[in-house]
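Here the structure comes first, spelled out in structure tokens, and everything after it is commentary.
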Amino acid sequence: MTETLLKDEIYQGGHAPGVEPVRGRGGAPAYFSAWDLHAYYGESYVVQGVSFDIREGEILALLGRNGAGKTSTLRSIARLDAPNLTHGEIWLDHKPLHEMKAYQASQNGVALVPEDRRIIPGLTVQQNLQLAQIAPPHGWSVERLYDLFPRLGERKNQEGTTLSGGEQQMLAIARALARDIKLLLLDEPYEGLAPVIVQEIERTLENVKQLGMTTIIVEQNAIAALHLADRAVILDMGEVVFDGAAQEVLDNAELRHEYLAV
Ligand SMILES: Nc1ncnc2c1ncn2[C@@H]1O[C@H](COP(=O)(O)OP(=O)(O)O)[C@@H](O)[C@H]1O
Ligand SMILES: [Mg+2]
């Protein structure tokens, strides 16, 4: 408690001189804030001044058409080398991610589950999870993860890459939670999966949400993401065109039609 108060007092994130700090609603500093991010792939300018903030435990749906800049924004937050973040600040729990390399962002609690899932060939389900815990800080125990993902427990000795697409997605999420993380970044977790499997992963993510994990979910399946999320940010051509309650987007067919094609 004391530590939290102290950290709040010295909070100085998310703003430049003369610019209003990014604040969570209610005036409290945001747990996560991205402020005026600009990023390039070579000459290609793909993230064009993106700002948003997230409160602790909140789920944000980051939406937009194909090519809008969603993956690029997640990669910028995870501090991967490409795209190159040339301007902006990213703060997570009072730490300046924008000053970090990817491995440091990871050590400071950022976990990106990429679209292609990256299950390690030649390792069983259990070994994939154990590998995530080879270095501290550890998150949930493997037993607790099997509790959350019973299918993984049933297949713990099976090679990870032989799982179905939905099971591999579960393994990728479980692997992120095997570390002690503060921000979960999910890039199209439902992509290519049958509706019944999407529902199963949705239920799992509901459980993760109940446990208070701060999350950004990028999805083409906007409706599913909006049902899970508290808030939504819509990107279009590298810029934020909407930031508000997820319910507002569900209620606004015109907005969905214009920017999401659903
Ligand atoms: N590795 C890359 N090199 C060059 N341009 C890229 C690369 N990856 C994506 N882009 C371009 O960046 C823009 C944003 O892409 P991306 O962030 O992947 O969009 P989204 O995830 O919203 O579909 C698109 O115009 C895309 O073609
Ligand atoms: Mg993408």
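The values are calculated or read from the model by the stated rules, or taken from the named source; none is laboratory data. Note that the coordinates shown come from a computational prediction; the quantities given were computed from them, not determined experimentally. Glycine also receives a Cβ, built like all others from the backbone with ideal geometry; neighbour counts cover every protein chain displayed.
Could you check, for segment 33-47, whether at least one of its residues is away from ligand 1 (no atom under 15 Å from the Cβ), among the β-branched types (Val, Ile, Thr), in contact with a helix residue (DSSP H, G or I) (Cβ under 7 Å, 6 or more places away or on another chain) and touching a residue at least 12 places away in the same chain (Cβ under 8 Å)? No: segment 33-47 contains no residue that is away from ligand 1 (no atom under 15 Å from the Cβ), among the β-branched types (Val, Ile, Thr), in contact with a helix residue (DSSP H, G or I) (Cβ under 7 Å, 6 or more places away or on another chain) and touching a residue at least 12 places away in the same chain (Cβ under 8 Å). Screening His257 with (1) within 21 Å of Ala176 (Cβ to Cβ); (2) surrounded by fewer than 14 Cβ atoms within 10 Å (Cβ to Cβ) gives one miss only, at (1). Asp53 meets the conditions (1) part of a strand (DSSP E or B); (2) away from ligand 1 (no atom under 16 Å from the Cβ); (3) surrounded by fewer than 21 Cβ atoms within 10 Å (Cβ to Cβ) in every case but one. The failed one is (3). Of the helices (runs of 4 or more DSSP H) that lie entirely inside segment 135-213, those containing 1 or more residues that are closer than 22 Å to Thr71 by Cβ span 165-177, 195-210.
Residues in segment 131-150 that are farther than 24 Å from Ile77 by Cα and either in contact (Cβ under 8 Å) with a residue 24 or more places away in the chain or under 19 Å from the mean Cα position of the chain (by Cα) (or both): Val142, Leu145, Leu148, Phe149.
Go through Arg144, Arg117, Arg155 for me and flag whichever is under 25 Å from Leu193 (Cα atoms), within 16 Å of ligand 2 (Cβ to nearest atom) and of a type outside the set (Asp, Glu).
The unique qualifying residue is Arg117.
Screening Phe242 on (1) away from ligand 1 (no atom under 16 Å from the Cβ); (2) more than 13 Å from the chain's Cα centre (by Cα) shows it passes everything except condition (1). Taken over segment 180-195, the criterion of being more than 16 Å from ligand 2 (Cβ to nearest atom), out of contact with any Asp or Glu (no Cβ under 9 Å at 6 or more places or on another chain) and touching a residue at least 60 places away in the same chain (Cβ under 8 Å) is satisfied by Asp180, Ile181, Leu184. Every test in (1) surrounded by fewer than 16 Cβ atoms within 10 Å (Cβ to Cβ); (2) without any contact (Cβ under 8 Å) to a residue 60 or more places away in the chain is passed by Val198 save one, and that test is (1). Here Val218 fulfils each of the conditions (1) within 16 Å of ligand 1 (Cβ to nearest atom); (2) farther than 19 Å from Gly64 by Cβ apart from (2).
For (1) more than 16 Å from ligand 1 (Cβ to nearest atom); (2) surrounded by 15 or more Cβ atoms within 10 Å (Cβ to Cβ), each residue gets a yes or a no:
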| position | (1), (2) |
| --- | --- |
| Ile181 | yes, yes |
| Ala194 | yes, no |
| Glu202 | yes, yes |
| Leu205 | yes, yes |
| Ala232 | no, yes |
| Asp236 | no, yes |
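In this structure, is Gly64 more than 19 Å from Leu184 (Cβ to Cβ), modelled with pLDDT of 95 or more and within 16 Å of ligand 1 (Cβ to nearest atom)? Here the answer is yes, as Gly64 does meet what is asked.
Suppose the filter is under 23 Å from Arg256 (Cα atoms), touching a strand residue (DSSP E or B) at 6+ places or on another chain (Cβ under 8 Å) and buried (at least 17 other Cβ atoms within 10 Å of the Cβ); does Ile217 pass it? Steps first, please.
Working: under 23 Å from Arg256 (Cα atoms): yes; touching a strand residue (DSSP E or B) at 6+ places or on another chain (Cβ under 8 Å): yes; buried (at least 17 other Cβ atoms within 10 Å of the Cβ): yes.
Here the answer is yes, as Ile217 does meet what is asked.
Here Thr73, Thr86 are screened, and the one residue that is in contact (Cβ under 8 Å) with a residue 12 or more places away in the chain, out of contact with any helix residue (DSSP H, G or I) (no Cβ under 7 Å at 6 or more places or on another chain) and exposed (fewer than 14 other Cβ atoms within 10 Å of the Cβ) is Thr86.
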